[in-house]
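The values are calculated or read from the model by the stated rules, or taken from the named source; none is laboratory data. Since the structure is predicted, the reported quantities are computational estimates derived from the model, not experimental observations. Using ideal geometry, Cβ is built from the backbone for each residue, glycine included, and neighbour counts are taken over all protein chains shown.
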Amino acid sequence: MKVAILQFPGSNCDWDAEHAVQDILGIPAARVWHKSPLPSGTEAVIVPGGFSFGDYLRCGAIARFSPIMDDLKSFADQGGQVLGICNGFQILCESGLLPGALIRNDCIEFRCINQRVKVESSNDRFNPEKCGEQLSLPIAHGEGNYRLKEDALEKLESNGQVLLRYIGNPNGSINDIAGIRNEVGNVYGMMPHPERAVEPYHPSRDGLPILKAFLEPILTRSSVEISAS
């Protein structure tokens, strides 16, 4: 197995993520229960969307204490690739692997739409040349309003840590931010769902370049080749 997809009580996008990585991109992947250790040989981790622990207290607040999170932090500290999608993004922020927090949408509504986003030049893998200047990706969240203190926001922007920005902000997120990375560039988080935009019958296939950018380090270290264009 190369990609571990974490599974919490209330996760509902873990199967979608596994399908996108394993069946569409052709990279071995498996779901890993939150009380299990992170399997040896894991080369990337996806923290999927859903409603971990029913979003009690606040989104991601309980999942951050799951046993597997210690392994995830060690994995990230050693340079392992980590992607948090929607609730996964919230969990990564709650656990301190990414800066900031996600709060209630300013419209006080659950937004479930296809959303246009702009790709920022964050690093050599995640940029408009490789991902496309604009993408159309599904969003489905009630707490996607990204918040960060002013000084930390200035640092985030100056370091080029913004991955995606909303075109027509659906939730009030500061600076239209839809996705970010850590300073090192191995931990990603985003509210849009790339795993829901990989099939011909999906609203778009714009999730493919997102997943390819995230998984590129695995591909350069192995003989596995992405099977979808």
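Odds and ends about this structure:
- Filtered by the rule that a residue be among the acidic types (Asp, Glu) and closer than 16 Å to Met69 by Cβ, the stretch 80-106 gives a lone residue, Glu94.
- Matching residues in the stretch 3-23 - criterion: being surrounded by fewer than 21 Cβ atoms within 10 Å (Cβ to Cβ) and in a loop (DSSP other than H, G, I, E, B): Pro9, Gly10, Asn12
- Highlighted here are the strands (runs of 3 or more DSSP E) found entirely within the stretch 69-154 that include at least 2 residues which are farther than 30 Å from Ser36 by Cα and touching a strand residue (DSSP E or B) at 6+ places or on another chain (Cβ under 7 Å): 111-119, 134-141, 145-147.
- Checking Gly80 against (1) closer than 19 Å to Val187 by Cα; (2) in contact (Cβ under 8 Å) with a residue 40 or more places away in the chain; (3) touching a Pro at 6+ places or on another chain (Cβ under 8 Å), the condition it does not meet: (3)
- The set of residues in the stretch 182-224 being under 9 Å from the mean Cα position of the chain (by Cα) and under 23 Å from Arg111 (Cβ atoms) consists of Tyr188, Gly189, Met190, Met191, Pro192, His193, Pro194.
- Test for Phe51: is it under 19 Å from Arg196 (Cα atoms) and among the aromatic types (Phe, Trp, Tyr): yes
- Residue tally, condition part of a helix (DSSP H, G or I) and aliphatic (A, V, I, L, M), over the stretch 44-68: 2
- Residue that is free of Cβ contacts under 8 Å to residues at least 12 places away in the same chain, closer than 21 Å to Phe53 by Cβ and not charged (D, E, K, R), where the choices are Phe89, Phe65, Phe110: Phe65
- Of all the numbered requirements in (1) touching a Ser or Thr at 6+ places or on another chain (Cβ under 8 Å); (2) crowded, with 23+ Cβ neighbours inside 10 Å, Met69 misses one, and that requirement is (2).
- Close pairs from the stretch 158-170: first in contact (Cβ under 8 Å) with a residue 24 or more places away in the chain and closer than 17 Å to Pro192 by Cβ, partner assigned to a helix (DSSP H, G or I) and hydrophobic (A, V, I, L, M, F, W, C), Cβ under 7 Å, at least 6 apart: Val162/Leu156
- So Gly41, is it among the small types (Gly, Ala, Ser), within 15 Å of the chain's Cα centre (by Cα) and part of a loop (DSSP other than H, G, I, E, B): no
- Qualifying residue in the stretch 127-143 (condition: buried (at least 23 other Cβ atoms within 10 Å of the Cβ) and in contact with a Gly (Cβ under 7 Å, 6 or more places away or on another chain)): yes
- Flag for Gly60 being under 16 Å from Tyr188 (Cβ atoms), buried (at least 20 other Cβ atoms within 10 Å of the Cβ) and at pLDDT below 95: yes
- Scanning the stretch 202-229 for residues that are out of contact with any strand residue (DSSP E or B) (no Cβ under 6 Å at 6 or more places or on another chain), modelled with pLDDT under 95 and part of a loop (DSSP other than H, G, I, E, B) turns up Ser222, Ser223, Val224, Glu225, Ile226, Ser227, Ala228, Ser229.
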